[in-house]
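Some notes on the structure that comes next.
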Amino acid sequence: MDDTRETMDNVVRKDAGLPYHYDDPAIMDGQLAWQDKLWEYNQTRPTEQDRRAELLKGMCAEVGEGVHIETPLHANNGCRRVHLGKGIYINAFMSMVDDAEIWIGDYAMFGPSVTIATAGHPILPILREHHYTYALPVHIGRNVWVGSNVSILPGVTIGENSVIGAGSVVTRDIPANVVAVGVPCKVVRPIGEHDRAYYWHDRRLDVEE
């Protein structure tokens, strides 16, 4: 197979979520230039909120209003495949492997040191030796809260309003309106009447406030 044909095949396979050669120049496609934009974002001061907002617009595939991302932020492709709704808060040390698209809905919140990985490598050793990888998009719904040190793996969808407990590893889809936690992450209960009365364990909400 000539180099041009192999490059085309790799791009098609990547877009289809099939294994591809990760060191193909067409797959890298300006990756370092996008990382330069991210580097510039990470050099901003906390007081430069307006500049951060402008830089995000030039880095991400989409950015809604009122998005706040603490530094440092890491993304393989400088966030160019990251789609952000409005009112999102992302704490420090977020790491996104944006080899495929990452979709994050309005008002989602992330604790520190969260990883969202769209890429993985085959289990079979010979495939890894020949630089095969795969990438599957990740979808995080509206108003999801992701706790600190959570890892979200390729192809996962998290439904709206759900809460992912700190330290979880999300390997499968999580439905809407639930609390899920663990390694691997599993649903422990729905969000419901208990949460209308208590904001944290036995700490009761002040209805008047």
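The values are calculated or read from the model by the stated rules, or taken from the named source; none is laboratory data. Fair warning: this is a prediction, and the values are worked out from it, not measured in the lab. All Cβ positions, glycine included, derive from the backbone under ideal geometry; neighbour counts span all protein chains shown. We work out accessible area using only protein heavy atoms, side chains counted, and drop any ligands, DNA or RNA first. Shrake-Rupley method; radii C 1.70, N 1.55, O 1.52, S 1.80 Å.
Annotations
- When the strands (runs of 3 or more DSSP E) confined to the stretch 85-150 are screened for residues that are modelled with pLDDT under 95 and on the phi < 0 side of the Ramachandran plot, those reaching at least 2 such residues are found at 132-135.
- When each of Arg172, Arg189 is tested for being part of a loop (DSSP other than H, G, I, E, B) and either without any contact (Cβ under 8 Å) to a residue 40 or more places away in the chain or not charged (D, E, K, R) (or both), the lone residue that passes is Arg172.
- Flag if Asp106 is acidic (Asp, Glu), in contact with a Gly (Cβ under 8 Å, 6 or more places away or on another chain) and open to solvent by less than 70 Å² (accessible area, probe 1.4 Å): yes
- Selection of the stretch 17-64 for residues being surrounded by 13 or more Cβ atoms within 10 Å (Cβ to Cβ), among the β-branched types (Val, Ile, Thr) and farther than 16 Å from Ala100 by Cβ yields Thr44, Val63.
- Hits in the stretch 20-68 - residues which are closer than 14 Å to Gly78 by Cβ, touching a residue at least 40 places away in the same chain (Cβ under 8 Å) and in a loop (DSSP other than H, G, I, E, B): Ala61
- From Ala176, Ala197, residue being farther than 19 Å from Met109 by Cβ and aliphatic (A, V, I, L, M): Ala197
- Only one of Val183, Val179, Val144 that is in contact with a Ser or Thr (Cβ under 9 Å, 6 or more places away or on another chain), open to solvent by less than 20 Å² (accessible area, probe 1.4 Å), touching a residue at least 12 places away in the same chain (Cβ under 8 Å) and more than 26 Å from Asp15 (Cα to Cα): Val144
One line per residue, one yes/no per condition, for (1) crowded, with 16+ Cβ neighbours inside 10 Å; (2) free of Cβ contacts under 8 Å to residues at least 40 places away in the same chain:
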site: Arg80; (1), (2): yes, no
site: His83; (1), (2): yes, yes
site: Ala92; (1), (2): no, yes
site: Ile123; (1), (2): no, yes
site: Arg128; (1), (2): no, yes
site: His131; (1), (2): no, no
site: Val138; (1), (2): yes, yes
site: Ile164; (1), (2): yes, yes
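- Which numbered condition Ala197 misses (of (1) on the phi > 0 side of the Ramachandran plot; (2) modelled with pLDDT under 95; (3) of a type in the set (Gly, Ala, Ser)): (1)
- Applying the condition of being in a strand (DSSP E or B) and either touching a residue at least 40 places away in the same chain (Cβ under 8 Å) or not aromatic (Phe, Trp, Tyr) (or both) to the stretch 192-209 and asking which residue is least open to solvent (accessible area, probe 1.4 Å) yields Arg203.
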